[in-house]
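Novice: Quick one: structure below, then a few questions.
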Amino acid sequence: MKTQIGSKMKYTVSAIVLILACIFIFFLIKLNNQELKVINFPASYISYDSESDLSKSADIIVLGTPAEEFQSRKHQEVRHEDGSLADFYTLTDFKIEKFLKKPEIVHPNTINDDTITFTEPISIIDNNGERAIISLDGYQELEYGENYIVFLKDNGMGNYSVINMNEGKFNLQKDEISQLSSHGDKEASDRHSQIRREVLKRYINN
């Protein structure tokens, strides 16, 4: 009799644990998929208006695809002592298909087997108790499942960063000009489209 009661209790406890695990996973998925508020910060940076200038300035040019969904990447935020935001970025692991430009010596721990890690000028931060996406100059993150040519430069902090903001990464499947146009910057979207054509002509359609 005691054995039967003990077995029933074990099954009951196991069922409760399973239900709680399912609830946790459900809310985790919901949290990851929710629409986050986007905060854009203006930025001053060296811009390049042609593929040739961009290619000359880049330390690394790489063809590949992001290894993870954006919300699963390593989002960093640096705060001042008073709690105000000092810096932010995302560490992106990028699966390498091919290096189009690469220095003889690269920073250690940035390349691991077939993956390179670099920073994007965008992150997910705590904004007054709520998660929000924060971006420099309307930068759009590299989309998971898409193939890109990315232009990187030594950021002086032992790593590499995307240069030229949205004009430093180019989706091979589609022109992300619509995302730029949504910010109301027609000049930037036209420039992006032009440089993208030059990049594809040199590195893909040559």
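Novice: For segment 120-134, enumerate the residues that are surrounded by fewer than 22 Cβ atoms within 10 Å (Cβ to Cβ) and not β-branched (Val, Ile, Thr).
Specialist: Listed by number, the residues that qualify are 126, 127, 128, 129, 130, 131, 132.
Novice: Okay, next question. Between a first residue in segment 122-151 that is under 18 Å from residue 193 (Cβ atoms) and touching a residue at least 40 places away in the same chain (Cβ under 8 Å) and a second residue that is among the hydrophobic types (A, V, I, L, M, F, W, C) and in a strand (DSSP E or B), which pairs have beta carbons less than 6 Å apart while being 6 or more apart in sequence or on different chains?
Specialist: Short answer, once both residue conditions are applied: 149/63; 149/170; 150/62; 151/61.
Novice: Scan segment 131-146 and give yes if some residue there is of a type in the set (Asp, Glu) and in contact with a Phe, Trp or Tyr (Cβ under 6 Å, 6 or more places away or on another chain), otherwise no.
Specialist: yes
Novice: Can you pull out the strands (runs of 3 or more DSSP E) entirely within segment 28-146 that have at least 1 residues that are within 15 Å of residue 166 (Cα to Cα)?
Specialist: Counting at least 1 such residues, we get 37-41, 60-66, 85-101, 115-120, 122-127, 130-136.
Novice: Got at least one residue in segment 73-89 being farther than 18 Å from residue 123 by Cα, loosely packed, with under 11 Cβ neighbours inside 10 Å and modelled with pLDDT of 95 or more?
Specialist: no
Novice: Taking segment 145-158 as the search range and keeping residues that are of a type outside the set (D, E, K, R) and within 15 Å of the chain's Cα centre (by Cα), which one is surrounded by the most Cβ atoms within 10 Å (Cβ to Cβ)?
Specialist: That would be 151.
Novice: Which of the numbered conditions does residue 200 fail, given that it passes all the others? Conditions: (1) within 22 Å of residue 69 (Cβ to Cβ); (2) touching a residue at least 24 places away in the same chain (Cβ under 8 Å); (3) surrounded by 15 or more Cβ atoms within 10 Å (Cβ to Cβ).
Specialist: (1)
The values are calculated or read from the model by the stated rules, or taken from the named source; none is laboratory data. Source: prediction; values computed, not measured. Using ideal geometry, Cβ is built from the backbone for each residue, glycine included, and neighbour counts are taken over all protein chains shown.
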